[in-house]
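Report on one structure; see the data block that follows.
Please treat every number below as a calculation from the coordinates, not as lab data. On a predicted model such as this, the values are computed, not experimentally measured, just so you know. Cβ placement follows ideal geometry from the backbone for every residue including glycine, while neighbour counts extend to all protein chains displayed.
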């Protein structure tokens with residue numbers, strides 16, 4: 001059982017006359033945290049690695065924001081056209097693409113891409129590196145996706161998880177442990193804004209950033225805010241993100257009488273103003289992998305209250321850089337928030353500790369760690 005990250009050993013590189021060629025396949029309509037990481041790493045990895053970014057387009061749809069961002073970053077982009085979400089003709093397109101580009105290996109980043117690489121059979125002749133970002137939804141559809149994905153991942157040469165618990169899940173479902181690796185995310189240095197953002201209130205600001213979906217636990221956070229209000233604790237909360245739980249969040253805020261003390265800021269492409277105005281960052285998730293929000297808050301030197309789920313305890317340590325609480329427990333979240341709001345010395349201590357953790361997850365660290373894994377993959381026997 002994997003209980004801690006499996007650090008990728010950095011091996012001396014074999015002298016190469018050309019960069020490692022990687023075909024990286026991902027389905028992303030917009031620049032998600034996962035897609036953003038991929039683009040940034042592909043740029044940093046040059047000239048050691050040459051990436052061809054592959055995405056999907058359906059019918060006459062315009063090119064996705066993700067593919068536009070990849071092109072803008074100077075990366076080679078290839079589009080696979082499809083008739084529907086799981087169009088079987090994609091398997092032939094993949095076979096043709098791999099035959100044309102002759103990559104050293106294929107890299108996939110989500111369940112759909114894993115499935116098509118497995119189904120196309122290209123993994124039989126070309127090494128395949130699969131990134132398993134885990135699943136935070138538990139409805140029937142996602143349980144089905146789980147089954148399909150683990151079927152696919154069993155044929156990957158290497159399978160990389162973003163946290164130990166998801167690596168354990170892969171192993172439990174039949175993926176060879178010797179081919180499973182753990183690689184946490186990295187975070188770029190925080191660049192402060194030239195002008196301080198306008199705060200929505202003179203009260204302390206609690207910021208929560210993430211998609212408004214059930215597994216992110218925003219309703220639990222609203223419940224915790226209701227408890228703070230009942231205790232006459234001053235605060236104003238800002239939720240940054242959009243998603244299907246917005247109505248539930250608004251209803252809970254109305255029911256608990258805290259609607260006037262919560263700002264729903266919607267989807268924001270630049271979240272720096274919200275980190276800058278935050279006195280505390282809250283991460284109330286029911287499930288997480290290696291959350292970028294956690295690292296973003298740390299690099300911004302913000303004290304954090306987070307739930308002890310997924311890969312969060314592999315990055316954050318209670319009392320050192322954050323306060324960790326149980327998921328699904330609004331009272332524990334409220335108690336931790338109140339403790340931080342009332343203790344300036346503790347906020348300062350956690351802020352300093354958070355910044356130290358962020359420094360250890362730098363882009364340079366990530367680049368060298370991933371280069372080590374890529375070289376091992378290229379040099380490994382078939």
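Nearest 10 degrees is fine. How inclined is helix 140-153 to the longest principal axis of the chain, computing both from alpha carbons?
It is inclined by approximately 40 degrees.
Give me the one-decimal nm value for the distance between modelled label points at residue 151 and residue 359, 7 Å along each residue's Cα-to-Cβ direction.
4.9 nm
Taking the chain as a Gaussian network, Cα atoms linked when under 10 Å apart, which of 356, 317, 195 shows the biggest mean-square fluctuation?
195
Let a ≥ b ≥ c be the square roots of the eigenvalues of the Cα gyration tensor of region 44-196; is it rounded (a/c under 1.5), or, if not, prolate (a/b larger than b/c) or oblate?
Here region 44-196 falls in the rounded category.
When the scattering of region 205-359 is computed by the Debye formula from its Cα atoms alone, each counted once and equally, what is log10 I(q)/I(0) at q = 0.08, 0.10, 0.15 Å⁻¹?
The Cα Debye sum returns log10 ratios of -0.18, -0.29, -0.68.
What does the extension gain come out to for residue 368 and residue 255, with contour length at 0.36 nm per residue minus their alpha carbon separation?
35.7 nm
Please compute the Kirkwood hydrodynamic radius over the chain, one decimal place, Å, based on all pairs of different Cα atoms.
About 21.9 Å, per the Kirkwood formula over Cα pairs.
List the relative contact order of the chain as a percent without decimals, with contacts defined as Cα pairs under 8 Å and 6+ residues apart.
It rounds to 16 percent for the chain.
Return the single residue from 19, 62, 284 with maximal mean-square fluctuation; model: Gaussian network over the chain, springs between Cα atoms under 10 Å.
Judging by the Gaussian network model, the answer is 62.
Select from 348, 132, 114 the residue whose mean-square fluctuation is largest in a Gaussian network model of the chain (Cα-Cα springs shorter than 10 Å).
Of the options given, 348 has the highest mean-square fluctuation.
Suppose each label sits 7 Å from its Cα in the direction of the beta carbon; what would the residue 81-residue 317 distance come out to in nanometres?
5.5 nm
Just how far, in whole angstrom, is region 299-367 from region 37-82 if you go by their alpha carbon centroids?
33 Å
Taking only Cα atoms, what is the 0 to 90° angle, nearest 10, from helix 33-45's long axis to the longest principal axis of the chain?
So the helix axis and the longest Cα principal axis differ by about 50 degrees.
Tell me the angle of helix 246-255 to the major Cα principal axis of the chain, expressed in degrees between 0 and 90 and rounded to the nearest ten.
20 degrees
Pulled fully out, how much extra length does the chain show between residue 57 and residue 95, if you take 0.36 nm times their separation in residues and subtract their Cα-Cα distance?
Result: 12.0 nm gained on full extension.
For the pair residue 68/residue 88, report the inter-label distance in nm, with labels modelled 7 Å from Cα in the Cβ direction.
Reported label-point gap for residue 68 and residue 88 is 3.5 nm.
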